[in-house]
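To start, the structure itself, in structure tokens.
Read-outs throughout are calculated quantities, based only on the coordinates presented, and are distinct from any laboratory measurement. The structure presented is a predicted model; accordingly, all values stated were derived computationally and were not measured. Cβ placement follows ideal geometry from the backbone for every residue including glycine, while neighbour counts extend to all protein chains displayed.
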Amino acid sequence: MVTAVAVLTLLGLALGLLLGYADKVFAVEENPIVKEIESMLPGTHCGQCGFPGCSGAAEAMVAGDAAVTCCPPGGRALAQALAEKLGVDADLSGMSSEPMLAKIEESLCTGCCRCYRVCPTDAIMGANKQIHVVFADACTGCGKCVDACPEDCIAMQPEQESLDNWHWPKPAAA
Amino acid sequence: MFGKLKIRGGVHAEERKEQSTGLPIHVLGIPPVLKLPLRQHAGRAADPVVKAGDYVLKGQLIATSTGADVCASLHAPTSGTVTAVGPVTAPHPSSLTTDAITIEPDGLDKGLESLESGDPMQLSPAEIADRVDQAGIVGLGGATFPAALKLKSGARQKIDTLILNGSECEPYLTCDDMLMRERAFGIISGARLIQRAIGARRIVAGIEDNKPDAIEAMKAAAAGFADVSVQVIPARYPMGSAKQLIHAIMGREVPAGGRSSEVGALVHNVATAFAVHQALYDNRPLLSRIVTLSGQCIDTPRNVEVLLGTPVSWLLQHSGGLKETPARIVMGGPMMGQILRTQDVPITKGASGILALAEPEISKTESSPCIRCGSCVNACPMGLVPLEMARHANAEDFEGASEFGLSDCILCGSCAYVCPSHIPLVHYFQFAKGELSAKREQTRRGELTKSLSEARNARLEKEAAEKAAAKAAKAAKAQAAKEAREKAKAEKAAQQEKEQAAQEVKAQANEESGA
Amino acid sequence: MNQLVSSPHAHNRSSVQHTMLLVCAALLPATLYGLYLFGWPAINLFVLCLATAIGSEAACLKLAGRSTQSCWDGSALLTGWLIAMTLPPWAPWWIAVVGTLFAVVIGKHLYGGLGQNLFNPAMLARVGLLISFPVEMTTWIDVTPITSAAAPGFIDSLAITAGITPIPDAVTGATALGHVKTALTMDVTVPDAMAESYSAGSAFFGNIRGSLGETSALLLLLGGLFLLYKRVISWHIPVSMLGTLMVLSLIFSLANPDRFEPPLFHLLTGAMMLGAFFIATDMVTSPTTSTGQLVFGAGIGAVAFIIRSWGSFPEAIGFAVLFMNAITPIIDRYFRPRIYGYTLTGKPINTGKE
């Protein structure tokens, strides 16, 4: 009886020490997930999330201060990926399923260049007094140009379905 | 290690070819409208060089393949007026639109004047490739890869064997069969031009053993040339797939991720070879193609030569029509062809057949659970495990599906053809491939926007720095001027002080002397 | 016509139902012979198994909220049929019912239904019954053809199946496998024990004591060949399973003929033939690739030989099949076909050219 108690106590102590030691030796220095989250974000520092740039948003998300849904350019897909990565539940109901793109209504554009100046990815082309065009490939859908436009001629629209981006839907369940 | 003339897996599908080989190729007339999509080949869309209202002649270039990337030019199939350059419904399962040139033929079929003559066999390899490029020829077996690019890359590599693909393994389809029967000499002539362009030592025409008439015709046409031979290969789907055909004829496999040139082979379809012949001997660019009309609902199954851009509905009406309402209309063969959800779409360069299939001919759309019977594993010509790929795709684990070789899948449909549970395996693979490519596209875009944003920030910083520098310079200048002014002032003040002192001294002296 | 469907648009017209019914057809000769040999009680048992299988399948589908239409896909029928084949011919009704319910409900539907089960349901039932009810599961009735005077009539058979009339000891005995096993424990040599209980001829034709449908090696072999001819099964599992067993038993019986039975004895007794062609080849629970199937078959042959030779049960096919079922996912993971253009190790083929 005494031996058994002694053995188990010793064993517990030894294992406890081992674990404590391992915790110190193999301690992870900093939180690597912030870097990972930052790499997932668009990286355009558009500021729509309310944080200073994407790195700020990444830190806030890891700390739990920001929702994973706070990045409109990333859209639903990014929110889903972030929620998975951070292991949180996300309410995706408010998010559009596809990323939105800016579209300039050419008949209303006066060529004032204001949208051109605020675009974080230089996705708007055009010169002074000329109609501006959005280069869809580079647009992140941040919406800054919409706010900047004095003519209200920019609208956010989901990407047009075309033969280039169409792909087969999932087969109906068996 | 692997026996020649055999492929792994595959299926022996019900051929149903005899239905459409009874009649000779019928040349169909000019339809009231032609719609020519700017992209009916693999790669980028061609640039239109005509606009609405233009009058075009038969054979006139209407869209060009400028630049070096993958593209093929387009020509007016007959004379007429361009009525529009804009979206039309694409011959695609999605029924989405694609940009096209619409021509209203005038019925006169006026052609361009023929310019060049002389023996094309005297042309240099590069000249042949250029002429093929100008003719807008693409792979007519279905892959629609621009033929000229294959000639150019072939010329750079060491190609031993030009394989003429006459296997036509898809059930129903007989357009290559009939072409070989009727125009074998043109095919061999075109093939010899290709051989010259790529510098191949020999030509081997691979023809499945279920086409004895075609084999005979091709042998007769090849008889005069020592380096051209006809190889009879067993009929087994998908023998006509380039990788499988190379394996059957050369006894070697194309390395993963590599091109057929790595085993010294280049594959061209017999119809492509014939188009090359027409382009160089007759100065006729690719304006039409042979299309197999078959299926239980077709009144007169046969092969027709149709102008590119001909609407499918018009084609069906003017070649005998439909006997009954089809359960499914397919463009291409039943194994890899695509469903057409509307008949209001044009015939394109890759359309090898129009099948109007009745209910008993088509596969069921309801599926039952997988019973892991392994039929799909045995049928796969690529050595994949389709059931596992589909299982992962269903769970939306696309990386898992890739691990089982999703990217090596050629979508031949052998697995789904034999599946007793009628699982739409190919649909799962299309779905997974689409999701993966969407993901890649998203990553590409993300990287693009990130670099654009960084470039912009760098630019803004530079601008700010420049502004600051300019400001600093200006400030420094002002400072210097100020300092100079102050110095002058100070000097003046000092002078004044001195003078004052001197005066004071003087005055004092005067005072002293006056006292 | 406007539904978005993918290629291929053609199909070879095979179906799950067709496959299952072909297997049932292949089982028919051996089954009919078994029913003839053991008379009305066997027929009762057979009908009970089929009815319970279909009924419980329908109930499970209903509970799972799926279409009950698929209870006619033949898979439940086949499970019930195979269980009947492996039962002692005069077993009481509850053996059939409990066994079949166990197979269908626990062995199949608890895993998610058709195609999802890890273990062969029929073998799960057989092993479960054997361990739970050893007496009922080892009461082997003498061969009493339905036309013979000793055979019970339909009414008498109902009493036997209901368990009211006990089966007299006088008309039962041991199977050849069981007899040799017992004899070995009493220091009787294998040749002597075999001489008392076994003749290759009657084992081949099936005129012996044993489970309802396992006795006739000949008819099962014919059924198996029919399935091979129809390409319902491939040769890999039966050949590797029987081959491994024969090689092992040949080596051991040559080394010590007094202790180990010869290859032919192994082949013709017990559930070996049924197992090789109908049980081990069950698609759901066997590997999907040819190489995997060879490994799987060899594994069953080896495990069966080990249990038969050194284990405490005379028959081993059920255990061997379940054992290999358990490692089928591992086999499937490691024995994949070589992909076109790659070497066996999964690297692109080197052509020696750049």
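Each residue, B:L322 and A:D164, gets one label point 7 Å from its Cα in the Cβ direction; the gap between the two is 3.4 nm. Between C:T343 and C:I349, the built amide H atoms are under 5 Å apart, and every one of these is 5 or more places off in sequence or on another chain.
Under 37 °C and 0.692 mPa s, how fast does chain C diffuse according to Stokes-Einstein, given a Kirkwood radius computed over C-alpha pairs? Answer in µm²/s, whole number.
It comes out at roughly 153 µm²/s.
Summarising the amide proton neighbourhood of B:K323: residues at separation of 5 or more, or on other chains, whose placed amide H is nearer than 5 Å comprise B:I298, B:D299. For B:K433, the aspartates and glutamates whose Cα falls under 18 Å of its own Cα, not counting residues fewer than eight places away in the same chain, are A:E161, A:D164, B:E388, B:E396, B:D397, B:E399, B:E403, B:D408, B:E441.
Taking 7 Å steps out from each Cα toward its Cβ at B:V49 and C:A59 produces label points 7.8 nm apart.
Unpaired cysteine residues in chain B (no second Cys Cβ under 4.7 Å): B:C71, B:C169, B:C175, B:C297, B:C370, B:C373, B:C380, B:C409, B:C412, B:C419. For region A:1-42, the set of GluC sites (Glu not before Pro) satisfying both a DSSP loop assignment and a count of at most 10 other C-beta atoms within 10 Å is given as A:E29, A:E30. Counting only DSSP beta bridges with both residues in chain B, tell me the antiparallel percent, nearest 5. Within chain B, antiparallel bridges account for around 60 percent of the total. Other residues with beta-carbon under 14 Å from the beta-carbon of C:C24 carry, at +1 per Lys or Arg and -1 per Asp or Glu, a net charge of -1.
Expressed as a fraction of 2.2 N^0.38 Å, the value expected for a compact globular protein of N residues, the C-alpha radius of gyration of region A:14-97 is 1.37. Expressed in Å, the radius of gyration and Dmax of the Cα atoms of region A:28-76 are 10.2, 32. Note on B:V70 and C:A25: the model spin-label points, each 7 Å out from Cα along the C-beta direction, lie 4.7 nm apart.
In a fully extended conformation the segment linking B:T443 and B:R156 would gain 100.0 nm over its present Cα-Cα distance, using 0.36 nm per residue.
Bridging of B:K349 to lysines at a Cα separation below 16 Å is possible for B:K35, once same-chain residues fewer than 8 apart are set aside.
Mind checking the mean number of beta-carbon atoms from other chains within 10 Å of the Cβ atoms in B:443-452?
The shielding value for this peptide is 6.
Sum up the charges of everything whose Cβ sits under 15 Å from the Cβ of A:L82, counting Lys and Arg as +1 and Asp and Glu as -1, but leave A:L82 out. With Lys, Arg at +1 and Asp, Glu at -1, the neighbours total -4.
Legend: calculated FRET efficiency, C:N207 to C:Y111, from the Cβ-Cβ distance at R0 = 41 Å, rounded to 0.05, equals 0.60. Restricting attention to the protein assembly as shown, close to 65% of DSSP beta bridges with both partner residues there are antiparallel.
Charge tally around B:R8: other residues with Cβ under 12 Å, Lys/Arg +1 each, Asp/Glu -1 each, net +3. Residues of region C:139-163 falling in the label zone of C:A51, defined by backbone nitrogen less than 19 Å from a point 7 Å along Cα to beta-carbon, are C:153-163.
Mind scanning B:K150/B:K439; B:K51/B:K152; A:K170/B:K439 and naming the pairs with a C-alpha gap bigger than 20 Å?
Where the Cα-Cα span goes over 20 Å, the pairs concerned are B:K150/B:K439; B:K51/B:K152.
Maximal additional length on extending the C:N350-C:T138 stretch stands at 70.3 nm, based on 0.36 nm per residue less the C-alpha distance. Shown is the FRET efficiency for B:K364 and B:L96, computed with R0 = 30 Å from the Cβ-Cβ distance and rounded to the nearest 0.05: 0.65.
The angle separating the long axis of helix B:175-198 from the principal Cα axis of greatest extent in chain B is about 40 degrees. Span-like helix check, chain C: qualifying full DSSP H segments, with Cα axial length of 15 Å or more and mean Kyte-Doolittle of 0.0 or more, are C:16-63, C:75-86, C:121-132, C:217-229, C:236-255, C:290-310.
In this structure, A:A6 and A:A27 have a Cβ-Cβ separation that, at R0 = 56 Å, corresponds to a calculated FRET efficiency of about 0.95. A convex hull fitted around the alpha carbon atoms of the protein assembly as shown yields 342 Å³ per residue.
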